[in-house]
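Encoded as structure tokens, the structure appears first; notes follow it.
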Amino acid sequence: MRIERAGSQRWLVVKRPAEKLWEPVKDFWQENGFLLSMDQSNLGIMETDWAENRAAAPQDFLQRTLGSVADVFGGTYKRDKFRTRIERGVEPGTVEIFISARAMEQVPTTTIDHAGAAFVWAVVPPNPEVEAEMLTRMMMKFGAPETAARTAVAQA
């Protein structure tokens, strides 16, 4: 297995049949806390549902104290979604796995909607480093040691 790169896009090349990779990739997303909203093996596409990005959550005193009790105090205001495309590789017997990330965050607005909210969801610019991190984790899922996976992604 190795990482290929063209510009800011990276992808994983694995020497296994596509039919043998679908379930492990599906398991990968579920093990990382994502539900799948699209699972179409005939098209080679799976997509996660929007999930809160807890790493982006501000952690002030109130949220540390009450956030675990009530989500209303612990909202993150940022969500992530991933799309995975699995294609037969250029080389015989290989599969190419592409991961693209999308993110949205709540931003303040000057108007209040019918529900009394003063925030809207805005698209966050693409972040190739998030995609690279997921490729690293996927390599580890397929058996690569962490240091080897991180080195492969960094050197691509």
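A few notes on this one:
- Net length gained if the chain between ALA148 and GLN106 were fully extended (0.36 nm per residue, minus Cα distance): 11.5 nm
- For the stretch 88-156, the solvent-accessible area of protein heavy atoms averages 61 Å² per residue (probe radius 1.4 Å; ligands and nucleic acids excluded).
- Local electrostatic count, ARG102, Cβ distance below 13 Å [Lys/Arg +1, Asp/Glu -1]: -1
- Sequence of LEU135, LEU35 from largest to smallest accessible area, 1.4 Å probe: LEU35, LEU135
- Under 17 Å from LYS15, Cα to Cα: aspartates and glutamates that are on another chain or at least 8 residues apart: GLU4, GLU23, GLU87, GLU91, GLU96
- By accessible area with a 1.4 Å probe, ligands and nucleic acids excluded, highest first: order of MET38, MET1: MET1, MET38
- For LYS20, the lysines whose Cα comes closer than 16 Å to its Cα, not counting residues fewer than 8 places off in the same chain, are LYS141.
- Note, ³J(HN,Hα) from phi for the stretch 4-21, Karplus 6.51, -1.76, 1.60, rounded to Hz, x at Gly and Pro: 10, 8, 9, x, 8, 8, 10, 8, 9, 10, 10, 8, 8, x, 4, 5, 8, 9
- Working note: Karplus 6.51/-1.76/1.60 with θ = phi - 60° gives the stretch 151-156 the couplings 5, 4, 5, 5, 7, 5 Hz, where Gly and Pro are set to x.
- Pairwise Cα separations in the stretch 74-156 fall into 10 Å bins from 0 onward with the following percentages, short to long: 15, 32, 26, 15, 10, 2.
- All other residues whose Cβ lies under 15 angstrom from that of ARG2 are scored, Lys and Arg at +1 and Asp and Glu at -1, for a net of +2.
The values are calculated or read from the model by the stated rules, or taken from the named source; none is laboratory data. Everything quoted here is computed from the prediction, not taken from an experiment. All Cβ positions, even for glycine, are placed from backbone atoms using ideal geometry, and neighbour counts span all protein chains on display. With ligands, DNA and RNA removed, areas are computed over all heavy atoms of the protein, side chains included. Shrake-Rupley method; radii C 1.70, N 1.55, O 1.52, S 1.80 Å.
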